[in-house]
Amino acid sequence: GQRDFPNRPNLFRLVIGTDTAPWSQEEMLIIETNIDDMNPEFYDYVFDRLLAAGARDVFLSPIQMKKNRPGTLLRVIAEPKDREALARIILRETSTIGVRYYPVGRIILKRISEKLKTRHGTIRVKVVEEPNGTRRVTPEYDDLKRIAAAKKIPLKLLYDELVRSSKK
């Protein structure tokens, strides 16, 4: 370039390398509301709607609200692009009159999905790389539940067998 800057050189630096961190980072959004007047049976339906619309996670926490009333904090972790759709579901499907949202960063371990063939059937698993380089296998609950019900075996037995065999 032709410009001279008084407090820095006029140059461009490019560093090429490989990211060796055992995790990745992403910017997410928390969408939340306090509820003290809704039938608790409705939360299951709200969870299903939110997850189907792209929420990464949905959870409830007991809280104390004004006038010392017990209430529930409904919290959703989502991608920023899904904010309006998820807020709309919360406003339509719950008794709340408003939601809060704010950005949050998250660090997640590297992971891949695989299918493991077992003597009971094929089960999807997440293979997570721990920061120390070891691998952890976590079976998908829905697959365990389906096979345990079909084979009439305890879910815990199936889970333990899968985790044991994946360490070999």
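Brief remarks on what is shown
- Cβ-placed point charges (K, R +1; D, E -1), dipole of the range 28-112 about Cα centre in debye, nearest 20: 380 debye
- Measuring nothing but how far apart in sequence close Cα pairs (under 8 Å, 6+ apart) lie, relative to its length, the chain scores a relative contact order of 21 percent.
- Per residue Cα convex hull volume in Å³ - calculated over the range 32-74: 62 Å³
- Among Arg119, Arg56, Arg88, the largest mean-square fluctuation in a Gaussian network model of the chain, built with springs joining Cα atoms closer than 10 Å, belongs to Arg119.
- Accessible surface, the chain, averaged per residue in Å² (probe 1.4 Å): 74 Å²
- Accessible-area rank, largest first, for Glu140, Glu27: Glu27, Glu140, with all protein chains present and a 1.4 angstrom probe.
- Packing-based order for 46-52, 92-98, 102-108, using average beta carbon neighbours within 10 Å, highest first: 46-52, 92-98, 102-108
- Rounded to the nearest 20 debye, the dipole size of the range 9-68 about its Cα centre is 300 debye, using +1 on the Cβ of Lys and Arg and -1 on the Cβ of Asp and Glu.
- Percent carbon-and-sulfur accessible area, the chain, ignoring ligands, DNA and RNA, probe 1.4 Å: 52 percent
- Take Val128: with every protein chain present and a 1.4 Å probe, its accessible area is about 10 Å².
- Kirkwood Rh and Cα Rg combined as Rg over Rh, evaluated for the range 7-100: 1.25
- Relative intensity, log₁₀ I(q)/I(0), of the range 89-134 from a Debye sum that treats every alpha carbon as a point, q = 0.22 Å⁻¹: -0.82
- Accessible area in the full protein assembly, largest first, 1.4 Å probe, for Ile153, Ile112: Ile112, Ile153
- Rg and Dmax over the alpha-carbon atoms of the chain stand at 23.0, 77 Å.
- Relative to the current alpha-carbon distance between Glu84 and Glu140, full extension at 0.36 nm per residue lengthens the span by 17.2 nm.
- Relative to the globular-protein estimate of 2.2 N^0.38 Å, the Cα radius of gyration of the range 98-168 stands at 1.43.
The values are calculated or read from the model by the stated rules, or taken from the named source; none is laboratory data. As the structure is a computational prediction, the values presented were derived from the model and not from experiment. We place every Cβ from the backbone using ideal geometry, glycine too, and count neighbours over all the protein chains shown. In case anyone asks, the SASA skips ligands and DNA or RNA and just uses the protein heavy atoms, side chains included. Shrake-Rupley method; radii C 1.70, N 1.55, O 1.52, S 1.80 Å.
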